[in-house]
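The values are calculated or read from the model by the stated rules, or taken from the named source; none is laboratory data. For clarity, every value in this text was computed on a predicted model and none was experimentally measured. Here the Cβ positions follow ideal geometry from the backbone for every residue, glycine too, while neighbour counts run over all protein chains shown.
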Amino acid sequence: MARNAEKAMTTLARWRAAQVNDLGKEKERRPYLASECHDLQKAEKWRLQIIREIAKKVAQIQNAGLGEFRIRDLNDEINKLLREKGHWETQIRELGGPDYAKVGPRMLDHEGKEVPGNRGYKYFGAAKELPGVRELFEQEPPPPPRKTRAELMKDIDADYYGYRDDDDGILLPLEQAEERKAVLRSVAIWKAKKESALHSGNGSGKPGEDGGGEEEEEEEENIYAVTVDPDSDDEPQPLEESLQPRFIAHVPVPSQREVEEALLRRKKQELLEKYASESLIQESEEAKDLLGVHT
(Lines give C-alpha, C1' and ligand atoms only; values in the text may rest on other atoms or scores of the structure.)
Protein backbone atom coordinates (compact mmCIF):
# COMPACT_ATOMS: atom_id res chain seq x y z
CA MET A 1 0.00 0.00 0.00
CA ALA A 2 2.83 2.39 0.83
CA ARG A 3 4.43 1.72 -2.51
CA ASN A 4 1.22 2.58 -4.47
CA ALA A 5 0.68 5.72 -2.41
CA GLU A 6 4.22 6.79 -3.20
CA LYS A 7 3.64 6.31 -6.92
CA ALA A 8 0.39 8.28 -6.85
CA MET A 9 1.97 11.15 -5.00
CA THR A 10 4.89 11.19 -7.41
CA THR A 11 2.59 11.39 -10.45
CA LEU A 12 0.46 14.04 -8.82
CA ALA A 13 3.54 16.00 -7.98
CA ARG A 14 4.71 15.90 -11.56
CA TRP A 15 1.35 17.04 -12.91
CA ARG A 16 1.19 19.88 -10.41
CA ALA A 17 4.66 21.01 -11.34
CA ALA A 18 3.80 21.00 -15.04
CA GLN A 19 0.62 22.97 -14.36
CA VAL A 20 2.53 25.57 -12.41
CA ASN A 21 5.00 25.95 -15.26
CA ASP A 22 2.20 26.38 -17.84
CA LEU A 23 0.58 29.14 -15.83
CA GLY A 24 3.46 31.37 -16.62
CA LYS A 25 3.02 30.93 -20.33
CA GLU A 26 0.16 32.50 -22.21
CA LYS A 27 -1.55 29.92 -24.40
CA GLU A 28 -1.77 31.09 -27.99
CA ARG A 29 -5.10 30.53 -29.76
CA ARG A 30 -5.74 30.19 -33.50
CA PRO A 31 -7.17 33.36 -35.02
CA TYR A 32 -10.82 33.22 -36.00
CA LEU A 33 -10.09 34.71 -39.45
CA ALA A 34 -7.12 33.64 -41.54
CA SER A 35 -6.78 37.18 -42.88
CA GLU A 36 -5.81 38.40 -39.37
CA CYS A 37 -2.55 36.39 -39.50
CA HIS A 38 0.32 38.09 -41.32
CA ASP A 39 3.11 35.69 -40.34
CA LEU A 40 3.84 32.91 -42.82
CA GLN A 41 5.26 30.49 -40.24
CA LYS A 42 2.24 30.88 -37.96
CA ALA A 43 -0.11 30.41 -40.91
CA GLU A 44 1.69 27.15 -41.73
CA LYS A 45 1.37 26.14 -38.06
CA TRP A 46 -2.39 26.76 -37.93
CA ARG A 47 -2.90 24.92 -41.22
CA LEU A 48 -1.13 21.83 -39.83
CA GLN A 49 -3.21 22.08 -36.66
CA ILE A 50 -6.42 22.07 -38.72
CA ILE A 51 -5.20 19.06 -40.70
CA ARG A 52 -4.58 17.13 -37.45
CA GLU A 53 -8.08 17.95 -36.24
CA ILE A 54 -9.56 16.79 -39.54
CA ALA A 55 -7.65 13.52 -39.35
CA LYS A 56 -8.86 12.95 -35.79
CA LYS A 57 -12.51 13.53 -36.68
CA VAL A 58 -12.28 11.40 -39.84
CA ALA A 59 -11.02 8.53 -37.69
CA GLN A 60 -13.97 9.01 -35.30
CA ILE A 61 -16.62 9.10 -38.02
CA GLN A 62 -15.64 5.64 -39.24
CA ASN A 63 -17.53 4.17 -36.26
CA ALA A 64 -21.10 3.47 -37.45
CA GLY A 65 -22.29 2.90 -33.86
CA LEU A 66 -22.11 6.58 -32.94
CA GLY A 67 -25.66 7.21 -34.07
CA GLU A 68 -27.11 9.18 -36.93
CA PHE A 69 -27.10 12.59 -35.19
CA ARG A 70 -23.50 12.30 -33.93
CA ILE A 71 -22.31 11.15 -37.37
CA ARG A 72 -24.04 14.11 -39.05
CA ASP A 73 -22.47 16.53 -36.54
CA LEU A 74 -19.00 15.06 -37.12
CA ASN A 75 -19.43 15.29 -40.87
CA ASP A 76 -20.50 18.94 -40.58
CA GLU A 77 -17.48 19.71 -38.38
CA ILE A 78 -15.12 18.08 -40.87
CA ASN A 79 -16.56 20.12 -43.73
CA LYS A 80 -16.24 23.27 -41.64
CA LEU A 81 -12.58 22.49 -40.95
CA LEU A 82 -12.00 21.83 -44.65
CA ARG A 83 -13.36 25.28 -45.52
CA GLU A 84 -11.17 26.84 -42.83
CA LYS A 85 -8.13 24.99 -44.17
CA GLY A 86 -8.87 26.43 -47.58
CA HIS A 87 -8.91 29.95 -46.13
CA TRP A 88 -5.53 29.41 -44.48
CA GLU A 89 -4.08 28.03 -47.73
CA THR A 90 -5.29 31.14 -49.53
CA GLN A 91 -3.66 33.35 -46.87
CA ILE A 92 -0.43 31.37 -47.12
CA ARG A 93 -0.38 31.90 -50.88
CA GLU A 94 -0.91 35.64 -50.42
CA LEU A 95 1.94 35.77 -47.90
CA GLY A 96 4.28 34.25 -50.48
CA GLY A 97 4.05 30.63 -49.42
CA PRO A 98 3.35 27.56 -51.57
CA ASP A 99 0.01 27.02 -53.31
CA TYR A 100 -1.35 23.94 -51.50
CA ALA A 101 -4.47 23.89 -53.69
CA LYS A 102 -2.28 22.72 -56.58
CA VAL A 103 0.59 20.85 -54.96
CA GLY A 104 -1.16 19.53 -51.85
CA PRO A 105 -2.60 16.00 -51.62
CA ARG A 106 -6.24 15.37 -52.35
CA MET A 107 -8.70 14.44 -49.67
CA LEU A 108 -9.02 10.63 -49.69
CA ASP A 109 -11.30 8.29 -47.78
CA HIS A 110 -10.32 5.10 -45.93
CA GLU A 111 -10.48 3.12 -49.21
CA GLY A 112 -7.97 5.38 -50.93
CA LYS A 113 -10.58 6.99 -53.20
CA GLU A 114 -11.13 10.71 -53.55
CA VAL A 115 -13.96 11.82 -51.29
CA PRO A 116 -16.98 12.65 -53.46
CA GLY A 117 -19.49 15.29 -52.54
CA ASN A 118 -22.36 17.43 -53.71
CA ARG A 119 -21.53 21.08 -54.50
CA GLY A 120 -18.50 21.14 -52.20
CA TYR A 121 -20.06 19.27 -49.28
CA LYS A 122 -18.29 15.96 -48.73
CA TYR A 123 -19.25 12.80 -46.87
CA PHE A 124 -16.85 10.65 -44.83
CA GLY A 125 -16.93 7.19 -43.30
CA ALA A 126 -20.29 6.13 -41.88
CA ALA A 127 -21.94 9.29 -43.20
CA LYS A 128 -22.09 7.67 -46.64
CA GLU A 129 -24.53 5.05 -45.31
CA LEU A 130 -27.01 7.52 -43.83
CA PRO A 131 -30.56 7.66 -45.24
CA GLY A 132 -30.71 9.97 -48.22
CA VAL A 133 -26.93 9.91 -48.68
CA ARG A 134 -26.58 6.33 -49.88
CA GLU A 135 -28.48 7.19 -53.07
CA LEU A 136 -25.88 9.84 -53.95
CA PHE A 137 -23.15 7.19 -54.14
CA GLU A 138 -25.10 4.64 -56.19
CA GLN A 139 -23.66 4.58 -59.66
CA GLU A 140 -26.06 4.59 -62.55
CA PRO A 141 -25.80 1.62 -64.90
CA PRO A 142 -23.77 2.40 -67.99
CA PRO A 143 -25.84 3.03 -71.12
CA PRO A 144 -26.01 0.15 -73.60
CA PRO A 145 -23.31 0.36 -76.27
CA ARG A 146 -24.53 1.83 -79.52
CA LYS A 147 -24.13 -0.30 -82.62
CA THR A 148 -22.15 1.08 -85.51
CA ARG A 149 -23.55 1.35 -89.01
CA ALA A 150 -21.49 -1.66 -90.12
CA GLU A 151 -22.97 -3.82 -87.33
CA LEU A 152 -26.49 -2.74 -88.25
CA MET A 153 -25.92 -3.56 -91.93
CA LYS A 154 -24.95 -7.15 -91.04
CA ASP A 155 -28.60 -7.98 -90.22
CA ILE A 156 -30.02 -6.41 -93.38
CA ASP A 157 -30.62 -8.94 -96.14
CA ALA A 158 -33.36 -9.94 -98.58
CA ASP A 159 -35.64 -11.02 -95.72
CA TYR A 160 -35.39 -7.53 -94.20
CA TYR A 161 -36.93 -6.02 -97.36
CA GLY A 162 -39.55 -8.78 -97.64
CA TYR A 163 -38.27 -10.28 -100.89
CA ARG A 164 -38.70 -13.88 -99.72
CA ASP A 165 -41.91 -13.66 -97.70
CA ASP A 166 -43.79 -15.87 -100.18
CA ASP A 167 -41.23 -18.70 -100.25
CA ASP A 168 -42.73 -20.48 -97.26
CA GLY A 169 -45.92 -21.30 -99.20
CA ILE A 170 -48.23 -19.94 -96.49
CA LEU A 171 -49.15 -16.50 -97.75
CA LEU A 172 -50.09 -17.37 -101.34
CA PRO A 173 -52.89 -19.88 -100.50
CA LEU A 174 -54.36 -17.42 -98.02
CA GLU A 175 -54.31 -14.64 -100.59
CA GLN A 176 -55.94 -16.89 -103.20
CA ALA A 177 -58.70 -17.89 -100.78
CA GLU A 178 -59.39 -14.26 -99.93
CA GLU A 179 -59.35 -13.35 -103.62
CA ARG A 180 -61.97 -16.02 -104.39
CA LYS A 181 -64.17 -14.78 -101.54
CA ALA A 182 -63.84 -11.18 -102.77
CA VAL A 183 -64.73 -12.19 -106.35
CA LEU A 184 -67.77 -14.21 -105.23
CA ARG A 185 -68.87 -11.36 -102.98
CA SER A 186 -68.57 -8.84 -105.82
CA VAL A 187 -70.51 -11.14 -108.19
CA ALA A 188 -73.29 -11.59 -105.62
CA ILE A 189 -73.56 -7.81 -105.11
CA TRP A 190 -73.65 -7.27 -108.86
CA LYS A 191 -76.41 -9.86 -109.34
CA ALA A 192 -78.46 -8.38 -106.50
CA LYS A 193 -78.21 -4.91 -108.03
CA LYS A 194 -79.18 -6.28 -111.44
CA GLU A 195 -82.24 -8.09 -110.08
CA SER A 196 -83.33 -5.01 -108.13
CA ALA A 197 -82.95 -2.92 -111.29
CA LEU A 198 -85.07 -5.43 -113.27
CA HIS A 199 -87.82 -5.44 -110.63
CA SER A 200 -87.90 -1.66 -110.43
CA GLY A 201 -88.04 -1.40 -114.25
CA ASN A 202 -90.94 -3.85 -114.52
CA GLY A 203 -92.91 -2.10 -111.78
CA SER A 204 -92.57 1.40 -113.24
CA GLY A 205 -93.35 0.42 -116.85
CA LYS A 206 -96.81 1.25 -118.27
CA PRO A 207 -98.78 -1.20 -120.42
CA GLY A 208 -99.04 -0.32 -124.08
CA GLU A 209 -95.72 1.53 -124.20
CA ASP A 210 -92.80 0.25 -126.27
CA GLY A 211 -94.52 -2.91 -127.52
CA GLY A 212 -96.69 -3.93 -124.57
CA GLY A 213 -94.49 -2.43 -121.80
CA GLU A 214 -91.54 -4.78 -122.28
CA GLU A 215 -88.17 -3.06 -122.51
CA GLU A 216 -85.30 -4.71 -124.15
CA GLU A 217 -82.32 -4.81 -121.89
CA GLU A 218 -78.87 -4.94 -123.20
CA GLU A 219 -76.85 -7.84 -122.04
CA GLU A 220 -74.05 -6.60 -119.87
CA GLU A 221 -70.52 -7.71 -120.51
CA ASN A 222 -69.15 -10.32 -118.15
CA ILE A 223 -65.84 -8.95 -116.94
CA TYR A 224 -64.84 -12.35 -115.53
CA ALA A 225 -65.35 -14.25 -118.77
CA VAL A 226 -62.23 -15.72 -120.34
CA THR A 227 -61.90 -15.08 -124.07
CA VAL A 228 -60.69 -18.06 -126.07
CA ASP A 229 -58.65 -17.69 -129.20
CA PRO A 230 -60.35 -19.72 -132.00
CA ASP A 231 -56.98 -20.67 -133.47
CA SER A 232 -55.62 -22.07 -130.19
CA ASP A 233 -56.18 -25.62 -128.98
CA ASP A 234 -56.42 -24.62 -125.30
CA GLU A 235 -59.74 -25.22 -123.62
CA PRO A 236 -61.25 -22.43 -121.48
CA GLN A 237 -60.59 -22.88 -117.78
CA PRO A 238 -63.12 -22.17 -115.05
CA LEU A 239 -62.68 -19.28 -112.64
CA GLU A 240 -61.23 -21.37 -109.78
CA GLU A 241 -58.65 -22.96 -112.07
CA SER A 242 -57.62 -19.63 -113.51
CA LEU A 243 -56.85 -18.36 -110.04
CA GLN A 244 -54.51 -21.26 -109.30
CA PRO A 245 -50.80 -20.41 -109.45
CA ARG A 246 -49.10 -21.20 -112.74
CA PHE A 247 -45.67 -22.75 -112.81
CA ILE A 248 -43.33 -21.96 -115.67
CA ALA A 249 -40.46 -24.31 -116.43
CA HIS A 250 -37.28 -22.46 -117.28
CA VAL A 251 -35.50 -25.63 -118.55
CA PRO A 252 -36.49 -27.87 -121.50
CA VAL A 253 -38.83 -30.65 -120.35
CA PRO A 254 -38.58 -33.96 -122.31
CA SER A 255 -41.72 -35.46 -123.79
CA GLN A 256 -43.16 -38.84 -122.87
CA ARG A 257 -41.72 -40.47 -125.99
CA GLU A 258 -38.21 -39.18 -125.26
CA VAL A 259 -38.42 -40.51 -121.72
CA GLU A 260 -39.46 -43.97 -122.95
CA GLU A 261 -36.62 -44.10 -125.49
CA ALA A 262 -34.09 -43.08 -122.81
CA LEU A 263 -35.37 -45.81 -120.49
CA LEU A 264 -35.17 -48.39 -123.29
CA ARG A 265 -31.55 -47.47 -124.12
CA ARG A 266 -30.63 -47.66 -120.46
CA LYS A 267 -32.21 -51.11 -120.12
CA LYS A 268 -30.36 -52.40 -123.22
CA GLN A 269 -27.08 -51.10 -121.85
CA GLU A 270 -27.64 -52.82 -118.51
CA LEU A 271 -28.42 -56.17 -120.24
CA LEU A 272 -25.32 -55.91 -122.44
CA GLU A 273 -23.10 -55.19 -119.43
CA LYS A 274 -24.66 -58.10 -117.54
CA TYR A 275 -24.62 -60.90 -120.19
CA ALA A 276 -22.10 -59.83 -122.86
CA SER A 277 -18.32 -59.96 -122.50
CA GLU A 278 -16.04 -57.05 -123.20
CA SER A 279 -14.73 -58.57 -126.44
CA LEU A 280 -18.28 -59.13 -127.72
CA ILE A 281 -19.26 -55.57 -126.85
CA GLN A 282 -16.17 -54.24 -128.64
CA GLU A 283 -16.91 -56.31 -131.75
CA SER A 284 -20.51 -55.12 -131.73
CA GLU A 285 -19.38 -51.50 -131.51
CA GLU A 286 -16.95 -51.98 -134.42
CA ALA A 287 -19.68 -53.57 -136.54
CA LYS A 288 -22.01 -50.69 -135.81
CA ASP A 289 -19.32 -48.21 -136.79
CA LEU A 290 -18.72 -50.03 -140.10
CA LEU A 291 -22.42 -50.18 -140.88
CA GLY A 292 -23.01 -46.64 -139.73
CA VAL A 293 -25.66 -47.70 -137.22
CA HIS A 294 -25.97 -45.57 -134.07
CA THR A 295 -28.31 -46.36 -131.25
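If you check 56, 113 for being among the basic types (Lys, Arg), modelled with pLDDT under 75 and within 30 Å of residue 134 (Cα to Cα), only one passes: 113.
Among the residues of the stretch 45-74, those identified as in contact (Cβ under 8 Å) with a residue 24 or more places away in the chain, assigned to a helix (DSSP H, G or I) and among the aliphatic types (A, V, I, L, M) are 50, 51, 54, 58, 64, 66, 71, 74. Flag: residue 78 matches the condition of being modelled with pLDDT of 90 or more and either hydrophobic (A, V, I, L, M, F, W, C) or in contact with a Cys (Cβ under 8 Å, 6 or more places away or on another chain) (or both).
Take residue 147 and decide whether it is in a loop (DSSP other than H, G, I, E, B), surrounded by 11 or more Cβ atoms within 10 Å (Cβ to Cβ) and either modelled with pLDDT under 85 or not hydrophobic (A, V, I, L, M, F, W, C) (or both). Taking the combined requirement at face value, the residue satisfies it. Is it the case that residue 71 is touching a Phe, Trp or Tyr at 6+ places or on another chain (Cβ under 8 Å), among the aliphatic types (A, V, I, L, M), at pLDDT 90 or above and within 30 Å of residue 130 (Cβ to Cβ)? No. Residues that are among the hydrophobic types (A, V, I, L, M, F, W, C) and in a loop (DSSP other than H, G, I, E, B) within the stretch 256-295 comprise 276, 293, listed in sequence order.
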